[in-house]
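Inspection log for the structure reproduced underneath, given as structure tokens.
Bear in mind that the values in this text are calculations on the coordinates, not laboratory data. Computed from a prediction, not measured in an experiment: that's the story for all the values here. Positions of Cβ are backbone-derived with ideal geometry, glycine not excepted, and every protein chain shown enters the neighbour counts.
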Amino acid sequence: MRKSLLWTAGLMLAVLLAGALPAGAQITGLYYQEVEKDGRVYVFNTPEKLKDWQASGDMGVAVSLIGRGPNGETIVGENETAVDLYLFKHNLPAYDRPTPKPVAPAAYPKTTVGGRVYADFSSKENKDKATGVKSSDSGIGIDVKRFYFTVSHDFDAVWSAQFQSDIGDQGAKRYDVFVKKAFIQAKISPAAIIRVGSADTPWIPFVEGMYGMRYFEQTVTDQLSFGASADWGIHFLGKAVNDKLGYQFSLLNGKGYSNPTRTKSMDFEGRVSFEPVKGLMLAVGTYNGKLGNDTDAVAAKHTATRNDGLIQWSNGMFKVGGEFFQAKNWKNVTTTTTDKAEGYSIWGQVNFTKEASVFARYDDVKPSKDLKPNLKDQYYNIGVQYRFNKAISGSLGLKHAEVKGGTFGTGNGTIGSTVAGNKGEYNEIGVWAVYDF
């Protein structure tokens with residue numbers, strides 16, 4: 001209101017001054033001129049426009065109000081400001097016109113900043129059942145498993161860049177800071193996207209998107225270190241056939257995003273997914289390479305391979321899915337011995353409302369079929385989830401893992417027993433949360 005009153009007062013003062021001065025006068029900050037000709041009143045508020053009109057007789061683009069003059073003349077104004085001054089000066093009603101639409105901000109360049117936090121408050125026990133010895137991190141407390149900070153910049157519709165730092169709980173090292181993503185992207189089309197740098201690998205991030213509970217638990221290949229979620233390299237990805245067909249093919253350094261090492265060769269990882277009907281997702285993936293171990297200092301003796309498969313069905317009420325993998329020499333690239341591993345993970349979720357759901361998962365893995373044929377890892381979790389809003393979700397849940405026939409490193413610590421024929425158990429109960437900003 002105050003702004004409107006000030007504008008009105010200023011306009012009145014300008015018009016009064018314009019009326020008090022000769023028609024062609026110019027006062028500081030304002031020019032006003034009106035010329036009657038052929039039953040019309042021509043109104044100007046810039047001398048340049050007046051001179052052009054006097055020379056050519058053409059107003060060009062102008063505002064015309066038919067019959068709005070004091071004696072029914074047509075008013076032809078250089079612009080809206082000139083018309084407003086004329087109507088105010090002659091005490092005539094203002095004319096209606098659409099409110100100008102706000103100017104849309106330019107689409108490019110554009111920078112976005114965001115983050116994601118995985119946190120938990122839980123009671124955990126990782127125990128060798130034969131010796132009774134517990135891991136050093138057994139107990140109760142609060143933990144921040146991951147803190148991602150992401151900056152994305154779009155130069156134009158094709159070129160963009162992204163940087164993402166990863167602050168994570170690294171066991172004995174505790175909170176280390178890594179560059180997880182740092183890439184330049186060229187989006188030639190939705191079917192042809194090229195990334196150069198550290199970016200999502202083809203398989204694990206895709207499965208995380210299907211599983212949907214990464215903040216609660218890693219997917220099986222990630223949890224057992226049979227793959228990395230990001231790596232340095234060249235990545236080609238996209239979607240086609242009305243987004244039913246998805247794919248990504250990457251040449252990778254091989255040691256994951258935390259170690260951008262150079263070696264004699266690069267690894268290959270690929271994935272193809274297909275959604276034949278809405279809600280049904282099928283996918284296959286493969287990996288082949290030296291895992292960044294083919295160097296002059298230490299020669300690689302074997303090639304690591306991994307083959308993956310996924311199937312999931314989901315709708316608004318529930319989803320059920322599963323992942324299967326087979327790996328060869330994943331832990332034995334530089335050793336003389338060879339080994340194999342295989343396992344599967346199945347999960348399900350039932351949504352009671354848009355906010356509330358229950359979930360469960362079961363994994364069964366033989367991580368060393370040749371060298372330790374009795375080594376077996378079984379895992380399950382169960383819980384309830386509530387989505388408070390788009391930014392925050394929380395779960396109350398239970399995790400359990402049992403490793404027989406030795407010990408094995410997992411995302412929840414090294415589990416098992418050092419005594420032959422015995423086992424180790426991991427149990428954790430608590431609250432897990434994810435916060436996006």
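Quick notes on this one:
- A prolate overall shape is assigned to the chain, the ratio a/c of its alpha-carbon gyration tensor axes (a ≥ b ≥ c) being 1.5 or greater and a/b exceeding b/c.
- Residue (of MET213, PRO98, GLY115) at the positive-pole extreme of the chain, dipole from beta-carbon charges: MET213
- For segment 182-229 versus segment 360-410, the gap between their alpha-carbon centres in whole angstrom: 20
- Entry note, the chain: the mean residue ellipticity at 222 nm calculated from DSSP H runs of n ≥ 4, each adding -39500 (n - 2.57), is -3500 deg cm²/dmol after division by the residues and rounding to the nearest 500.
- Legend: calculated FRET efficiency, ASP436 to PHE236, from the Cβ-Cβ distance at R0 = 41 Å, rounded to 0.05, equals 0.90.
- Aspartates and glutamates whose Cα lies under 13 Å from that of LYS181, excluding same-chain neighbours fewer than 8 positions away: ASP166, ASP200, ASP231
- Site pair VAL158 and LEU396 shows an inter-label distance of 5.4 nm when each label is modelled 7 Å from Cα along Cα→Cβ.
- Sorted on the mean count of surrounding Cβ atoms within 10 Å across their residues, most packed first, peptides 36-42, 218-224 read 218-224, 36-42.
- Given their separation in residues at 0.36 nm each and the Cα-Cα distance between them, ASP38 and ASN91 gain 16.8 nm when the chain is fully extended.
- The angle between the Cα long axis of helix 47-56 and the longest principal axis of the Cα atoms of the chain comes to about 70 degrees, rounded to the nearest 10.
- Candidates TYR108, TYR118, TYR215: whichever shows maximal mean-square fluctuation once the chain is modelled as a Gaussian network with Cα springs under 10 Å: TYR108
- Largest mean-square fluctuation among ASN259, ASN45, ASN427, in a Gaussian network model of the chain whose springs join Cα atoms under 10 Å apart, belongs to ASN45.
- Label zone of ASP137 (point 7 Å out along Cα→Cβ, amide N under 18 Å): in segment 214-241 this covers 214-229.
- For segment 412-423, Karplus couplings with θ = phi - 60° (6.51, -1.76, 1.60), whole Hz, Gly/Pro x: 9, x, 7, 10, x, 10, 7, 9, 4, x, 10, 9
- Of ALA299, TYR42, VAL403, farthest towards positive along the dipole that unit charges on Lys, Arg, Asp, Glu beta carbons give the chain: VAL403
- Each Lys and Arg Cβ is given +1 and each Asp and Glu Cβ -1; about its Cα centre, the chain then shows a dipole of about 1040 debye.
- FRET efficiency estimate (nearest 0.05) - Cβ-Cβ, LYS101 to TYR380, R0 45 angstrom: 0.20
- Residue-span extension gain [VAL277 to ALA55] - 0.36 nm each, minus C-alpha spacing: 72.9 nm
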